[in-house]
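All remarks here apply to the structure that follows.
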Amino acid sequence: MKYTKTLSTTLFATLLILSGCQTAPTDTATTAIALKKTASLTAADSQLTKGLMHIDDNHAVLTVAPDTYLLDSFVIPFAQPYYILVRKQDGKPFIKHAAEVVAIDYIKPRGCTEPLVRRPDLDKQSADASHYLIGVAC
């Protein structure tokens with residue numbers, strides 16, 4: 001009798017585990033949002049971020065009167081620096097200092113557990129100064 005009870009308990013536990021792992025429900029709302037965020041990146045963005053991994057959850061639209069900035073963060077997997085892509089919503093050129101200030105304010109609450117260190121050696125910009133990739137470590 002003890003053997004039967006142990007067998008049925010083990011079988012039940014195995015079935016419970018297997019039934020929970022068959023398929024995960026598809027969350028189309030989350031997928032649509034992630035695709036929309038990724039789709040917002042332009043060809044100029046792709047040139048600056050080649051070889052970097054985009055973090056979908058770290059997308060932001062920030063307004064610093066009178067301008068609206070689009071920000072996305074990128075990483076090299078298993079490496080420390082963050083790369084923050086900053087561009088204006090209207091696509092017009094702007095100064096690098098504005099990109100630095102907005103990028104630092106943006107990334108601090110999202111990824112920094114230690115003091116932020118600015119990494120200008122990692123910076124890139126588009127030819128028309130409308131897209132900046134700002135490097136930081138934290």
Among the residues in region 102-109, are any surrounded by fewer than 18 Cβ atoms within 10 Å (Cβ to Cβ) and small (Gly, Ala, Ser)? no
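This table checks each residue for (1) surrounded by fewer than 17 Cβ atoms within 10 Å (Cβ to Cβ); (2) in contact with a Ser or Thr (Cβ under 8 Å, 6 or more places away or on another chain); (3) among the hydrophobic types (A, V, I, L, M, F, W, C).
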position	(1), (2), (3)
Thr49	no, no, no
Met53	yes, no, yes
Asn58	no, yes, no
Ala65	yes, no, yes
Tyr69	no, yes, no
Ser73	no, no, no
Pro77	yes, no, no
Arg118	yes, no, no
Among the numbered conditions (1) touching a Phe, Trp or Tyr at 6+ places or on another chain (Cβ under 8 Å); (2) surrounded by 17 or more Cβ atoms within 10 Å (Cβ to Cβ); (3) modelled with pLDDT of 95 or more, tell me where Lys124 comes up short. (2)
Just checking, does region 68-75 include any residue being farther than 15 Å from Leu52 by Cβ and either of a type in the set (S, T, N, Q) or assigned to a helix (DSSP H, G or I) (or both)? yes
Qualifying positions in region 94-117 - among the aliphatic types (A, V, I, L, M) and either under 18 Å from the mean Cα position of the chain (by Cα) or not in a helix (DSSP H, G or I) (or both): Ile95, Ala99, Val102, Ala103, Ile104, Ile107, Leu116, Val117
Residues Thr28, Thr10, Thr63: which one is out of contact with any helix residue (DSSP H, G or I) (no Cβ under 9 Å at 6 or more places or on another chain), over 24 Å from Thr113 (Cα atoms) and at pLDDT 50 or above? Thr63
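The values are calculated or read from the model by the stated rules, or taken from the named source; none is laboratory data. In this text, all values refer to a predicted model and were calculated from it rather than measured experimentally. We place every Cβ from the backbone using ideal geometry, glycine too, and count neighbours over all the protein chains shown.
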